[in-house]
Each structure stands twice: as C-alpha cells, then as structure tokens.
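Peer 1: Would you mind keeping the following structure in view while I ask a few things?
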Amino acid sequence: MAYFNVGKIEYEGPQSKNPLAFKYYNPDEKVMGKTMKEHLRFAMSYWHTFTYGGNDPFGGATINREWDKTSDPMEKAKNRVRAAFEFMEKCQIPFFCFHDQDISPRGANLEETNKRLDEIVAVIKEEMARTGIKCLWGTTNAFGDDKFVHGASTSCNATVFAYTAAQIKKAMEITKELGGVNYVFWGGREGYETLLNTDTALELDNLARLLHMAVDYAKEIGFTGQLLIEPKPKEPTKHQYDFDAATVIGFLRKYDLIDHFKLNIEANHATLAQHTFQHELNISRINGVFCSVDANTGDPMLGWDTDQFPTNVYDTTLAMYEILLAGGFTTGGLNFDSKVRRGSFEDVDLFYAYIAGMDAFAKGLKVAAKLLEDGVFEKFKEERYASWRTGIGKDIIDGKVGFKELEEYAMKYGTTPNSSGRQELLESILNQYILETK
Ligand code: XLS
Ligand code: CA
Ligand code: CA
C-alpha cells in the first residue's frame, strides 16, 4: 500500500514551476569531479519526519498521519517503516538516521524493549534490501524517559548510568546490524541546572567512562562505523556538557578519546551557542574531527531549538564551503534533523520541506565549489597572511626566535602598516557568486 499520493521527485531545473520537483538538486550532476549525490549524502531523520505530531508547549498534535492510525504500537512502528522508506525512495534520499525509540516503542522492561527492536529491525532490513537505502547513523534516546531526569551517564544515580550503557549497547548492535556507518552520541540530558546540587567533576568523568566503554564495545562487536559526538549548548539542560565543538574537542583530549570520536555538527546548535554554522564546521575541520552534519536551521529571533528545514542559501553556501575544504564527507552526510512547522500538517508538506532543504544545499554546493575553484577567498587569505612566509613571521613559525629576539626586532623595526580586511568587498563578491552561479 502507498501512503503518499505523490510520485517520485525528479530534477527539473531552476525554470521549473512544479512544486514537487527539484530545481537545483540533480543527483547525477558532477561538481568538482563527484556527483551531487556523492557530495551531499542526504539523510532523513526518522524522529522529526515520522514521529513528530506538531505538539508544542501550548498545544497538542496537529499532524495526524495515516501510518499512525492504529492503536497497536508495533503495527504503528511497522507502518512507519513502510511509510518512511516509501518517502525516502520518492525523495531520492539515500540514507536515514534513527534513535532506538523512534523506530520501536519501549516495552514494559528492557528485555521486551530489545525484543521489539529486533522485530522492527527485521522490517527495516527488508525495506533496505528492497530500496538500497542505507543507514547513516543510529543513536540512543537516553533523555525522554523519566529515569533520565538527572541525566543519563551523568546522572547522580549510578543505576541510571548502568541502564544508559545497556541501552547504548543494544542501539550499537542494531546500528551495526543495519550497516550504519556512524553512531551518534548527543548528550540529551548530559548537563545540569544548578551547581548547588551538582558534582560536575564526577559527572564529566562518568561521561568519559561511558564513552570509553562504547569504544571498547564497538571493537568487541566489530562495529567499524565512526563514533560521533553532537555538540549542543543548552536545551534540555541549562548547561550542556557538550556546549560546542571547541568544548567537545577539549573534553575528548582531556579524556584521551580524541582518536576515537569525530563530530556531528548541527546548524541549529551552532546558533544556540552564538556561533555560526560555518564557525562550528571550521573549528571541527581545523582540529581534524569534522565528520557529519545535522542540516536544520534555527531562527535567530528564537532562543530555542526550532529544527527548521534549511532554506537560507547564504548559510548552505558557507557550510558547503567548509565541508569542501574539509575534503567533503567520508562516512558522514547531511541529515535533515528538521521538522515541518506545526501549521504545515499535510503529508505533502514533508515533500516540500525536503525539496526545499535539498535544493538549498545543492545550490550551496555549486556556489561553494565555484568559489573554491576560483580561489576567491583562499587567494585573498594567502595574501593577507603573506608576512608569515618570510622574514620575522617565518622565523616565529620555525621556532627560531623567542621574546628577547622579538623585542630586539620590534625595537629596531617597529611594525609595518596594516592592510584593510576588505570584509564588505568579500561579502559583495560572495553575493555575486550566490546570485550568478548557475
Ligand atoms: C537534539 C538533537 C538530537 C540528536 C540526536 O537537539 O538534535 O535530535 O541529533 O539525538
Ligand atoms: Ca541533531
Ligand atoms: Ca536539534
């Protein structure tokens, strides 16, 4: 049975007025030697796309999906699998991402929960075999249930740590079974509200203990996917331990985990940390830990995690610019961790949303590639930092001088005049590339 009264979404080009067609995402078109499909590695988020009902703190569900219209939770979960794969197929989305709890309902105890997971995983595997769609990453929902009220691995309650570990163990096993190429740790409630009741030192040590156990277990079961951490500064807790890329990198280094983890950067989380998406990608790239992206967007006027579909071509261009500089995706991809607005409650809105996001990134990719091919910013930067390639700059880099020699140099020569940073010129060139790149 088909759930969606929509056919396959095809590329029709920028002139098309068909709302159910791609205008920029042309999967087989080559950009810098790779097809768009290979570059962008789009993924669907199972939770926001297939379990979100439109609830907000002031009102209940507005979205009533056909596949949810049964009271049997396992039947519902199976319907969702079929609907999800039909949707991905029709939108030409090659990957999906999931939490354990999105795909299958919790049982009365862990044993039943795990049994249910196995039953649903079998259906997912069938659909994967039928469609060729793959798993980009799996993760664990260790934040929704009451037991995680004080955190999961950072809980004051050691039995909650144990339960979290058990849940992650199973989620890693099923991610492996589904051929997932990454496994994500987003620290849902790994943070705190007040220092009046919190031992941050113990909590952070425990988070690291859990991650070391995950590394060991991945080895033990032969899960070779990349382990990822997804930074977020706040929400649900006031102080999240994985605040931003720089904080996570410091944590990974302190606890000797840096060789085992890379980052999944979410655009909206960057905004919440008062960074740009581009900044978070850049910090990950220069530290060698860039891997994957959750490509939603926030709203600069709202201070919470709105998880909107990305449509701002300026942002997608600058994001793709950093991703190309990082050498592109390897195991990672572009997961739309995005949900339609509460008012966009019809099924067809899901198609419009994904088309908008995929087109925005396809266009961003093309502009970023052109900017790189023409060396627009890279040539400018090379020139701007020229003083580091000769004379005293080179001596500093080569470690040939210290304070005494530099004092001598400064006394003798002072400084040379600075040049303009040309920000406005560069921004106008960027606009020109965005507007003119075909
Ligand atoms: C929440 C996060 C979450 C992770 C996966 O804000 O974005 O959805 O991506 O647990
Ligand atoms: Ca996310
Ligand atoms: Ca989010």
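The values are calculated or read from the model by the stated rules, or taken from the named source; none is laboratory data. Nothing here was measured: the structure is a model prediction, and the numbers come from that model. For neighbour counting, all protein chains shown are included, and Cβ atoms are generated from backbone atoms with ideal geometry for every residue, glycine included.
Peer 1: Between a first residue in region 77-97 that is closer than 16 Å to Y11 by Cβ and in contact (Cβ under 8 Å) with a residue 60 or more places away in the chain and a second residue that is surrounded by fewer than 23 Cβ atoms within 10 Å (Cβ to Cβ) and polar (S, T, N, Q), which pairs have beta carbons less than 9 Å apart while being 6 or more apart in sequence or on different chains?
Peer 2: Final answer for the pair search is E89/T131.
Peer 1: Please give the helices (runs of 4 or more DSSP H) falling wholly within region 320-438 in which 3 or more residues are crowded, with 19+ Cβ neighbours inside 10 Å.
Peer 2: Numbers: elements: 347-373, 376-384, 391-397, 403-413, 423-436.
So the answer is 347-373.
Peer 1: Looking at D299, D259, D205, D216, can you tell me which residue is surrounded by fewer than 21 Cβ atoms within 10 Å (Cβ to Cβ), among the acidic types (D, E), more than 15 Å from ligand 2 (Cβ to nearest atom) and at pLDDT below 95?
Peer 2: Result: D299 is the single residue among D299, D259, D205, D216 that is surrounded by fewer than 21 Cβ atoms within 10 Å (Cβ to Cβ), among the acidic types (D, E), more than 15 Å from ligand 2 (Cβ to nearest atom) and at pLDDT below 95.
Peer 1: So, one more: Kindly indicate whether T139 is touching a helix residue (DSSP H, G or I) at 6+ places or on another chain (Cβ under 7 Å), crowded, with 22+ Cβ neighbours inside 10 Å and modelled with pLDDT of 95 or more.
Peer 2: Working: touching a helix residue (DSSP H, G or I) at 6+ places or on another chain (Cβ under 7 Å): yes; crowded, with 22+ Cβ neighbours inside 10 Å: yes; modelled with pLDDT of 95 or more: yes.
Here the answer is yes, as T139 does meet what is asked.
Peer 1: Ok, one more. Could you go through region 102-116 and let me know if any residue there is on the phi > 0 side of the Ramachandran plot, surrounded by fewer than 19 Cβ atoms within 10 Å (Cβ to Cβ) and in a loop (DSSP other than H, G, I, E, B).
Peer 2: So the first thing to find is which residues in region 102-116 are on the phi > 0 side of the Ramachandran plot, and the list is none.
Scanning region 102-116 turns up no residue that is on the phi > 0 side of the Ramachandran plot, surrounded by fewer than 19 Cβ atoms within 10 Å (Cβ to Cβ) and in a loop (DSSP other than H, G, I, E, B).
Peer 1: Let me ask something else. Find the residue count for region 259-290, including only residues that are out of contact with any helix residue (DSSP H, G or I) (no Cβ under 8 Å at 6 or more places or on another chain), away from ligand 1 (no atom under 16 Å from the Cβ) and assigned to a helix (DSSP H, G or I).
Peer 2: Number satisfying all stated conditions: 1.
Peer 1: Out of N197, N114, N157, I need the residue that is out of contact with any strand residue (DSSP E or B) (no Cβ under 6 Å at 6 or more places or on another chain) and farther than 30 Å from F243 by Cα. Which one? Spell out how you get there, then give the answer.
Peer 2: On the way: N197 fails: farther than 30 Å from F243 by Cα; N157 fails: farther than 30 Å from F243 by Cα.
Checking each option against the conditions leaves just N114.
Peer 1: With the checklist (1) in contact with a Phe, Trp or Tyr (Cβ under 9 Å, 6 or more places away or on another chain); (2) more than 21 Å from K37 (Cβ to Cβ); (3) polar (S, T, N, Q); (4) more than 16 Å from ligand 3 (Cβ to nearest atom) in hand, flag the one item N312 doesn't pass.
Peer 2: (1)
Peer 1: From T330, T416, grab the single residue that is in contact with a Cys (Cβ under 9 Å, 6 or more places away or on another chain), of a type outside the set (F, W, Y) and over 30 Å from F4 (Cβ atoms).
Peer 2: On the way: T416 fails: in contact with a Cys (Cβ under 9 Å, 6 or more places away or on another chain).
After applying the criteria, what remains is T330.
Peer 1: Tally up the residues in region 147-177 that are more than 16 Å from ligand 1 (Cβ to nearest atom) and not in a helix (DSSP H, G or I), please.
Peer 2: Step one: filter region 147-177 for residues more than 16 Å from ligand 1 (Cβ to nearest atom), giving 147, 149-150, 155-163, 165-166, 169, 173, 176-177.
Among the residues that remain, those that are also not in a helix (DSSP H, G or I) are: 149-150, 155-157.
So the count comes out to 5.
Peer 1: Sticking with this one: Identify, from the list A368, A362, A326, the residue that is aliphatic (A, V, I, L, M), touching a helix residue (DSSP H, G or I) at 6+ places or on another chain (Cβ under 7 Å), over 20 Å from Y24 (Cβ atoms) and away from ligand 3 (no atom under 16 Å from the Cβ). Outline the logic, then answer.
Peer 2: Values: A368 fails: over 20 Å from Y24 (Cβ atoms); A362 fails: over 20 Å from Y24 (Cβ atoms).
Exactly one residue qualifies, and that residue is A326.
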